[in-house]
Amino acid sequence: MKDFIVLLFISLFAISCKQNPKNDVSSKPIKIREANNYAKHDWQMDSIYNRLDLKDSPNNLNWKTAITPHDNYRFAGQLYYKSLRGINAPNIILIGVAHRARNYELQDKLIFGTFTEWESPYGGIKVSSLNDEIISHLPEDNFVVHDSMQVIEHSLEAIIPWLHKKNRKAEIVPILVPYINYTTIDYISQNLAKVVHNICAEKNWEFGKDVAIVISNDAVHYGDLEWGDSKNMAPMGTDSVGTQKAVTMDLKIINDCLSGTVTNEKIKMFTEYTVQKNDYKQYKWVWCGRYSVPFGMSFANNLNILENQENLQSSFLGYQTSIDHPLIEVEDLGMEVTALSTNRHWVAYTSIIYQ
C-alpha cells in the first residue's frame, strides 16, 4: 500500500510539471501585434512589386546589417527592396524609431514588447524566442517592456512585409529606441552585443547567416508646410537651390558618418550632426533615425567585433527623396497616403548595408 501511494504521488507530480506553463513553451498564449498602416495582404505586396518592376529571387547573400526606410511604399519602395534583398538570416533583430516616446515619457532605455507575432501579409511573422532570451539576460536598467509603445509605432511594421515576403520562416525581435544620448547608446549597445554574442555562441549561430540586424530610418524631413508643431523645417529655403543644399547636407552626413569602416567616432559624429549638443531630445538635423541609426550601428559593430574581431564595413546602395523620382500609386491598394511630396514638404531615404 505504501509503495502504491509513493507511485501515485510521483505520477501526479510528473503530470503537474508537464502542465506547468513555465515548462511548456507551446502554452504561451498567442498575442498578435496587428498591422495598421502598411500591407496586410499578399496581393498588396504583389502589386507593389509589379509597380516597382521588382523581380525577387532567392540569393545566397548573408548581409549582417542594413539601414532601410520606413516611409510609405509610394515614396520609398525601391529602397526597401535594395536594403533588405540580402537579409536572409532566419532571426532578425529590428531596431526601430520610437516616434511618440514622449507620449509615455520613455527615454534612455530600449523598448521591448510581449507580442508573440506581428500581423503580416503572409500569415503573421513570429517573434523569435531570442526576444525573451535577450530580455532575461540584459541588465534591467537597459530596457522597458511596453506594448502600448510598440502598438502605436509604425517604423518596424513597415519593414515586416518585405522581410516576410522573401522568407516565410523569418522570425523577429522588435526593439524601439527612444530619446537617448551618445554615452547611453555606447553603454547599452555594448551590453546588448554581449548578450546576443553569448546566445549565438550557445546556439552556434553566425552573424549574417543565422541572425541579422535591420535598422529603421528615414533621412531628412524638409520643408515649411504641414509639419505639425515643427512648422518650418526648411533652414536652407524651399526653392530648388534650398532643396539641393538639404540633399547635399544629407549626403555629407552619410559620407562622414555612415560610410566606410564603422567606428565609435563616426557614430558619435552622427549624433552631433542630428541632435542638439545641450539637449539630445531636440533635432539639429531632422532625421527620425537620430537614435535608431547610431544605436543600431553601435550594437551591430560591437557584435561583429565580438564575433569576428573586426569592425563592420559599409556599402552604400542608394539615396532618394520623395520628390526626385516617379512615384507609384498605392491608394487603390487600400494604403493611405497622408503626406505631401513637394519642395515645401519632402522626406529623404537611404539604403546602406554593413558586412
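Structure notes:
- Residue that is in contact with a helix residue (DSSP H, G or I) (Cβ under 7 Å, 6 or more places away or on another chain) and closer than 21 Å to MET233 by Cα, where the choices are TYR280, TYR319: TYR319
- Check on ILE267, within 19 Å of ASP186 (Cα to Cα) and aliphatic (A, V, I, L, M): yes
- Whichever residue in the stretch 299-329 is hydrophobic (A, V, I, L, M, F, W, C) and outside any helix (DSSP H, G or I) and, among such residues, is nearest to SER47 (Cα to Cα): ILE328
- Residues satisfying the stated conditions in the stretch 198-214, i.e. open to solvent by 50 Å² or more (accessible area, probe 1.4 Å) and touching a residue at least 60 places away in the same chain (Cβ under 8 Å): ASN198, TRP205, GLU206, LYS209
- Residue check for GLY237: over 23 Å from HIS70 (Cα atoms), within 24 Å of the chain's Cα centre (by Cα), surrounded by fewer than 20 Cβ atoms within 10 Å (Cβ to Cβ) and among the small types (Gly, Ala, Ser): no
- Scanning the stretch 258-278 for residues that are assigned to a helix (DSSP H, G or I) and over 19 Å from the mean Cα position of the chain (by Cα) returns ASN264, GLU265, LYS266, LYS268, MET269, GLU272, TYR273.
- Take the conditions (1) closer than 15 Å to ARG290 by Cα; (2) without any contact (Cβ under 8 Å) to a residue 24 or more places away in the chain; (3) among the aliphatic types (A, V, I, L, M); ALA219 misses just one of them, which is (2).
- The C-beta contact set for the stretch 261-284 (first residue more than 13 Å from ILE180 (Cα to Cα), second residue open to solvent by 70 Å² or more (accessible area, probe 1.4 Å) and part of a strand (DSSP E or B), distance under 7 angstrom, 6+ apart or interchain) comprises THR261/GLN313; LYS284/GLN276.
- Complete set of residues in the stretch 86-107 that are touching a helix residue (DSSP H, G or I) at 6+ places or on another chain (Cβ under 7 Å) and basic (Lys, Arg): ARG100
- Hits in the stretch 60-74 - residues which are in contact with a helix residue (DSSP H, G or I) (Cβ under 7 Å, 6 or more places away or on another chain) and polar (S, T, N, Q): THR65, THR68
- Among the residues making up the stretch 289-326, a single one is polar (S, T, N, Q) and touching a Pro at 6+ places or on another chain (Cβ under 9 Å): GLN320.
- Where ILE134 falls short, out of the listed (1) part of a helix (DSSP H, G or I); (2) farther than 28 Å from GLU202 by Cα; (3) of a type outside the set (Asp, Glu): (2)
- Test: residue in the stretch 315-327 that is within 20 Å of SER298 (Cβ to Cβ) and crowded, with 16+ Cβ neighbours inside 10 Å: yes
- Taking the stretch 134-182 as the range and being open to solvent by less than 30 Å² (accessible area, probe 1.4 Å), hydrophobic (A, V, I, L, M, F, W, C) and more than 11 Å from PHE112 (Cα to Cα) as the test, the residues that pass are LEU138, LEU156, ALA158, ILE159, ILE160, TRP162, LEU163, ALA170, ILE172, ILE180.
- Scanning the stretch 183-193 for residues that are in contact with a Leu (Cβ under 7 Å, 6 or more places away or on another chain) and either farther than 17 Å from LEU303 by Cα or open to solvent by 10 Å² or more (accessible area, probe 1.4 Å) (or both) turns up just one, ASN191.
- The single condition among (1) in contact (Cβ under 8 Å) with a residue 24 or more places away in the chain; (2) farther than 22 Å from ASP186 by Cα that PRO174 does not meet is (2).
- Identity of the residue in the stretch 108-120, among the charged types (D, E, K, R) and in contact with a helix residue (DSSP H, G or I) (Cβ under 7 Å, 6 or more places away or on another chain), that ends up surrounded by the most Cβ atoms within 10 Å (Cβ to Cβ): LYS109
- Scan of the stretch 121-133 for residues that are open to solvent by 10 Å² or more (accessible area, probe 1.4 Å), touching a helix residue (DSSP H, G or I) at 6+ places or on another chain (Cβ under 7 Å) and not acidic (Asp, Glu), ordered by number: PRO121, TYR122
- Within the stretch 84-97, if we keep just the residues that are in a loop (DSSP other than H, G, I, E, B) and open to solvent by less than 10 Å² (accessible area, probe 1.4 Å), the residue that is nearest to LEU130 (Cα to Cα) turns out to be ALA89.
- The residues listed here are GLY296, GLY242, GLY289; of these, the one that is open to solvent by less than 10 Å² (accessible area, probe 1.4 Å), modelled with pLDDT of 95 or more and assigned to a loop (DSSP other than H, G, I, E, B) is GLY289.
The values are calculated or read from the model by the stated rules, or taken from the named source; none is laboratory data. Every value quoted in this text rests on a predicted model; they were computed, and no experiment measured them. FYI the Cβ positions are ideal-geometry reconstructions off the backbone, even for glycines, and counts take in every protein chain you see. The protein model used for the area step is the full one, side chains on, heavy atoms only, and it has no ligands, DNA or RNA in it. Shrake-Rupley method; radii C 1.70, N 1.55, O 1.52, S 1.80 Å.
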